[in-house]
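For reference, the structure discussed in these notes is given below.
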Amino acid sequence: MAERKASVERNTLETQIRVAINLDGTGKASFDTGVPFLDHMMDQIARHGLIDLDIKAVGDNDIDDHHTVEDIGITLGQAFARAIGDKKGLYRYGHAYVPLDEALSRVVIDFSGRPGLEFNVEFTRAMIGCFDVDLFYEFFQGFVNHAGVTLHIDNLRGRNAHHQIETVFKAFGRALRMAVALDPRMAGQMPSTKGSL
Ligand SMILES: [Mn+2]
């Protein structure tokens, strides 16, 4: 099987990001982004997606975390697009429900080639520690635009904002794991009647 790995570097005047991923990994994660709560969330992607992630970021966090979080989403999306390759034999769709105590989220993803995000999370508070919850939308929008995926995220219930977003990221990891898996019955074929994605 061809290796499904990618390394992407993205530099702007606001941020310098490096992302290395292995879709057929074991969930090994290494982060140095200057945004610890985002690292905690991306750790869920690695663990529950069984995707190795190595992410380093230097950003203008002296302003706020906005550029860094958005640009990590963008660069992670680029890395996925590159590692996925031509999509032959891909499951393509993935979904998961994940609970954490009172919180429950559902994430559905399609490696459609068409960027689209439905993000329905009514956070019960504006900040988690020093992390502004508005930035999660920016992270997923950056990812969606550059991975070329359709992504539906719904937090179905939850009182604790940390639980709300943690169920989203765990479900995102599980949905990714399903979608990026190779289907032996689809071997060598495009998972689309159009013949391309
Ligand atoms: Mn947690």
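The values are calculated or read from the model by the stated rules, or taken from the named source; none is laboratory data. Please read these numbers as outputs of a predicted model, since none were measured by experiment. Note that each Cβ is placed from the backbone with ideal geometry, even for glycine, and that neighbours are counted across all protein chains shown.
Looking at GLN164, is it in contact (Cβ under 8 Å) with a residue 60 or more places away in the chain and within 14 Å of the ligand (Cβ to nearest atom)?
Considered against the rule, which asks whether it is in contact (Cβ under 8 Å) with a residue 60 or more places away in the chain and within 14 Å of the ligand (Cβ to nearest atom), GLN164 comes out as yes.
What about LEU76, is it in a strand (DSSP E or B), of a type outside the set (Val, Ile, Thr), modelled with pLDDT of 95 or more and within 26 Å of PRO191 (Cβ to Cβ)?
It is false that LEU76 is in a strand (DSSP E or B), of a type outside the set (Val, Ile, Thr), modelled with pLDDT of 95 or more and within 26 Å of PRO191 (Cβ to Cβ).
Out of all the residues in segment 103-128, which are within 30 Å of LYS194 (Cα to Cα) and among the charged types (D, E, K, R)?
Selection gives ARG106, ASP110, ARG114, GLU118.
Looking at ASP60, ASP64, ASP54, ASP32, which one is over 22 Å from ALA171 (Cα atoms), more than 12 Å from the chain's Cα centre (by Cα) and free of Cβ contacts under 8 Å to residues at least 40 places away in the same chain? Give the derivation first.
Working: ASP60 fails: free of Cβ contacts under 8 Å to residues at least 40 places away in the same chain; ASP64 fails: free of Cβ contacts under 8 Å to residues at least 40 places away in the same chain; ASP54 fails: over 22 Å from ALA171 (Cα atoms).
Sole residue among the options that is over 22 Å from ALA171 (Cα atoms), more than 12 Å from the chain's Cα centre (by Cα) and free of Cβ contacts under 8 Å to residues at least 40 places away in the same chain: ASP32.
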